[in-house]
1. Among the numbered conditions (1) surrounded by 18 or more Cβ atoms within 10 Å (Cβ to Cβ); (2) farther than 30 Å from residue 95 by Cβ; (3) not acidic (Asp, Glu), tell me where residue 282 comes up short.
2. Given (1) within 30 Å of residue 279 (Cβ to Cβ); (2) at pLDDT 95 or above; (3) among the charged types (D, E, K, R), where does residue 316 come up short, assuming only one miss?
3. If residue 295 satisfies every condition in (1) small (Gly, Ala, Ser); (2) surrounded by 18 or more Cβ atoms within 10 Å (Cβ to Cβ); (3) part of a strand (DSSP E or B) but one, which is the exception?
4. Counting only residues that are under 17 Å from residue 440 (Cα atoms) and not hydrophobic (A, V, I, L, M, F, W, C), which one in region 180-217 is surrounded by the most Cβ atoms within 10 Å (Cβ to Cβ)?
5. Can you list residue pairs whose Cβ atoms sit under 8 Å apart, with the first residue in region 212-238 being over 19 Å from residue 285 (Cβ atoms) and of a type in the set (S, T, N, Q) and the second being assigned to a strand (DSSP E or B) and modelled with pLDDT of 90 or more? Count only pairs 6 or more apart in sequence or on different chains.
6. From the residues in region 150-169 that are at pLDDT below 95 and among the charged types (D, E, K, R), which one is surrounded by the fewest Cβ atoms within 10 Å (Cβ to Cβ)?
7. Yes or no: region 180-194 includes at least one residue that is over 26 Å from residue 318 (Cβ atoms), in contact with a strand residue (DSSP E or B) (Cβ under 9 Å, 6 or more places away or on another chain) and of a type in the set (Val, Ile, Thr).
8. Please work out which one of (1) in contact with a Phe, Trp or Tyr (Cβ under 8 Å, 6 or more places away or on another chain); (2) at pLDDT 90 or above; (3) of a type in the set (Lys, Arg) is the condition residue 122 fails and give its number.
Amino acid sequence: MISLLAIRNFLYRPWRSALLFLGYGMGVTVMIVLLSIGEALITQASDERLVGGGDVTVLPEGLDIEVMKTGGLGGLFFSIGNARFVYSQVLTSPRLAYGVQSVAPQIEGKLLYLRTADGAERTVRATGEVPGATRAVGAAPELAAGAWRDDEGDRRWADPTPAELRHEIDHFHLTPAGAEHASTWAEWHYFNVVSPDSRRWAFVALIVNGDVRGDAWGGRFTVTLREQGGATRRYASVVRPAAVRFSTEDADVRVGSASVTVLPDGRYHVAGSAAAEEGPGMVELDLVVAPAPGAYLPSAARGTDESFGYVVPGLRASATGRICAGGACERFEDAQSYHDHNWGVWRDVTWEWGASRAGAFTVLYGRVHADGSAATGPLYVYLVDSLGFRAAFRPGRIDYVDGREISVEGRRLRVPSRATMVDVRGADTLRIDVSVEDAIGTDFSGLLADSGDAAALRTLPAGAPRPFFIQMKGRLRVSGRVGGAPVAGEGTGFFETYR
C-alpha cells in the first residue's frame with residue numbers, strides 16, 4: 001500500500017517529487033562528507049606522529065597535513081627556512097605580544113641517519129624541541145625519570161646574545177666542492193657610513209677572493225671615499241693568503257693590517273689602512289659600527305651548497321670613529337651606517353640592490369641575475385621598523401628614468417635619476433620612490449680582471465657595449481599601508497644597478 005501511494009504521488013506531481021529527491025540526496029551527501037572529515041580529524045588528532053601542542057601550529061603555506069608525519073617521501077624534506085628568524089622576529093615579536101602568549105618550535109619525527117663507531121648506518125626518527133617553550137604551550141611529555149630542561153644550545157637558538165647572533169649569521173664560508181668557475185669565488189664584509197650632512201660617504205670592504213681550497217686566492221681591503229658631485233678617491237691593499245684570517249665559525253676577519261672584529265656587545269670594530277690606487281696617499285680608518293636591535297635580514301643562500309648567499313646583519317646601524325685621508329681626519333658620532341655580507345661564484349652575475357632609511361622605517365630591496373640571464377624576476381623588498389621585521393613585498397619591476405649622465409673612463413653614460421617600485425599584496429600596499437643625487441660607474445670588465453676571470457672577458461662580443469656597474473646615492477621615500485596602518489618615511493640610501 002505504501003509503495004502504491006508513493007508511486008501514484010510521484011506520477012501526480014513528478015517535478016515536485018524529483019526536487020524533493022534531489023534535496024534529500026544532497027543532504028545525505030553533505031552529511032557523509034562532514035562525518036568523514038570529523039573522523040579524519042579525530043584520527044589525526046590521536047596520531048602520535050603529528051606535530052602538536054598549543055592552540056596554533058605554524059606550517060609553510062600549501063603544506064599538506066600528511067607532510068607533517070613521517071613515513072612518506074613528502075615528510076623527508078619538511079622544514080621551515082630561517083626558523084629561528086620566524087620564531088624571534090615574527091611569532092615572539094613584541095608586535096604580536098597582545099595575542100601570543102608562548103611559542104614552541106619543534107621538529108617532529110625527522111628522518112636522520114646514524115653511523116655507529118663500527119661503520120654501520122641506521123635510520124632513526126628524531127625529535128627536536130626547546131623544553132621550556134614546549135612546556136609553556138602545554139605540550140611537554142610526561143617524564144618517567146630524569147630531568148628535561150633547556151641547555152646552552154637551546155638558549156643560543158631561542159635567545160642568542162647580540163655577539164652570538166652576529167657570529168652565527170655573519171661567519172665566512174669555504175668554496176663549495178664542485179663549484180663551477182671556482183676561481184671567481186669571493187666573499188666579503190661590506191660597510192658604508194654617511195656624514196651628518198649626507199654630502200660625504202665611505203664604502204669599506206674586506207674581501208677574500210679566489211678558490212680558498214687551494215693556493216690561488218688572497219685578500220683585499222678597499223675603501224672608496226666620495227663627496228657628492230665631487231671626486232672619488234679609491235684605496236686598496238692586496239695581501240697573500242698567509243696574511244688573511246677568516247673562519248667558518250665566527251665573523252672576525254683579518255686582511256693584512258685591516259680587520260673586522262665582533263665586540264662582546266655585538267658591535268663591529270672595523271679598522272685598517274690602505275694606499276691610494278692612483279697617486280700618493282693613504283687612508284686609515286677606525287670605526288665601531290652598532291647595528292640596531294632586530295634590524296637584520298637572515299641568510300638568503302641559494303642552494304644547499306651555499307654557492308651564493310647574502311645576509312644583512314646591520315640593515316640599520318650607526319658608526320662612531322674616524323676616517324683619515326690626505327692628511328685630514330673626519331670624525332663620526334652615531335653616523336648613519338650599514339653592513340652586509342656576500343659570498344658566491346661571481347661569474348656572469350649582476351644585481352639590483354638598494355638600502356635606505358625612511359624615517360622610522362628601513363628599506364632593503366634587491367634581486368640577482370645569475371649565469372648571464374636577462375630574465376627579470378620579481379624583486380624582494382624587506383621593511384623593518386623599531387620592532388624589527390615589518391613586511392615583505394615582491395614588486396614586479398623597477399621603473400627607471402635614465403635622466404643623469406656620468407663619465408666612466410672617458411665614456412659618457414646615461415644612468416638613473418629616478419626609480420619607482422609598487423606592489424599590492426592583499427590589503428597591504430607599498431610604493432617606493434628613489435631620487436638619485438649622485439652616481440659613479442665602474443667598468444665591469446675591470447671587476448672581471450680583478451677576479452681573475454679572463455675567460456669571461458674573452459666572451460664579450462667584439463665591439464659590444466661593456467656592462468657598467470652603477471653605484472648611486474640618493475633619497476628614498478616609502479608610502480603605503482601594512483596591517484591596516486600607514487607606512488611613510490624618507491631618508492638617505494645607496495642603490496646599485498648595471499648599465
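1. Just one mismatch for residue 282, condition (1).
2. Here residue 316 meets the rest and fails (1).
3. (3)
4. Per the criteria, the residue is 192.
5. Listed by first residue and then by second, the contacts come to 228/200; 228/437; 228/438; 228/473.
6. Going through the qualifying residues, I end up with 152.
7. Yes: one or more hits.
8. Failed condition: (2).
The values are calculated or read from the model by the stated rules, or taken from the named source; none is laboratory data. Source: prediction; values computed, not measured. Note that each Cβ is placed from the backbone with ideal geometry, even for glycine, and that neighbours are counted across all protein chains shown.
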